[in-house]
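Below is one structure, written out as C-alpha cells; the observations come after it.
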Amino acid sequence: MKNIVENDRKLVEAAIEVIQNNYDSEHLRHTVGAAIRTANGHVYTGINIYSIHGACAELIAIGKAMTDGHRKFDTIVSVHFWEGKWQVVAPCGNCRQLFADYFPKGFVLLQGEEGLEKVPVLDLIPKAYCNRNSKNKKDLAREKTKRSQLKY
C-alpha cells in the first residue's frame, strides 16, 4: 500500500458503507459509492444516479460537501461491487476533470498492482483543461501582462 494512512482506509470503508446501504443493480442501478475527505477531515459520501444524463457518485459526494460549505478537499475514492467483492475503481474522465477544477492539489485512492495507492489528482489527467476562473488574480494579471508583451 503506497502512501496509505488509516484515514484513507476509513475513506474506503465509508464509500463501501454508503453503496452497501443503497445498492440496487436492477431498478435504479445505484452501483458505485464514493467518499471524499475535506481538508479539515470531514467525510461526505455519495452514490451514482443512473439515468440518461446520470451523475457519478463522486459528483454527488462533492456536491454534498459543497452544500455544507466546504471548498477545500483532500482525498476521494470510489468503489464498485465486482467479481464477488467490493473494489476501488478509477474515476471516469469527466470526474477527473472535475477533480482538476475543484481540488487540483488533492489525491485519489486507486487500486494499484501492489494494493491501494494514493495518486495526485493531476497525475490522472495530464494536460487538463484549465478553468481560468480557478486561477488566482495575481496569476491572471501576470498572464495578461505576458500576452500584451507578445509581438505578432
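The values are calculated or read from the model by the stated rules, or taken from the named source; none is laboratory data. Not measured: the values here are computed from a predicted model. Methodologically, a virtual Cβ is constructed for each residue, glycine included, from the backbone with ideal geometry; neighbour enumeration extends over all protein chains shown.
Below, the figures for the structure above:
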read-out: Matching strands (runs of 3 or more DSSP E) fully within region 1-101 where at least 1 residues are of a type in the set (Phe, Trp, Tyr); value: 43-47, 73-82, 85-88
read-out: So Gly69, is it at negative phi and surrounded by fewer than 17 Cβ atoms within 10 Å (Cβ to Cβ); value: no
read-out: Any pair with Cβ under 8 angstrom, 6 or more apart, that starts in region 59-71 at a residue that is closer than 15 Å to Asn48 by Cα and ends at one that is β-branched (Val, Ile, Thr) and part of a helix (DSSP H, G or I); value: none
read-out: Answer residue from region 99-109, given it is buried (at least 19 other Cβ atoms within 10 Å of the Cβ) and of a type outside the set (Ser, Thr, Tyr) and is farthest from Gly41 (Cα to Cα) among those; value: Ala100
read-out: Condition met for Ala35 (in contact with a Gly (Cβ under 7 Å, 6 or more places away or on another chain), under 17 Å from Leu116 (Cα atoms) and modelled with pLDDT of 95 or more); value: no
read-out: Candidate set: region 116-134, residues that are modelled with pLDDT of 75 or more, among the hydrophobic types (A, V, I, L, M, F, W, C) and outside any strand (DSSP E or B); chosen: the one farthest from Val12 (Cα to Cα); value: Ala128
read-out: Condition broken by Thr45, with the remaining ones in (1) more than 20 Å from Ile4 (Cα to Cα); (2) surrounded by 14 or more Cβ atoms within 10 Å (Cβ to Cβ); (3) under 15 Å from the mean Cα position of the chain (by Cα) satisfied; value: (1)
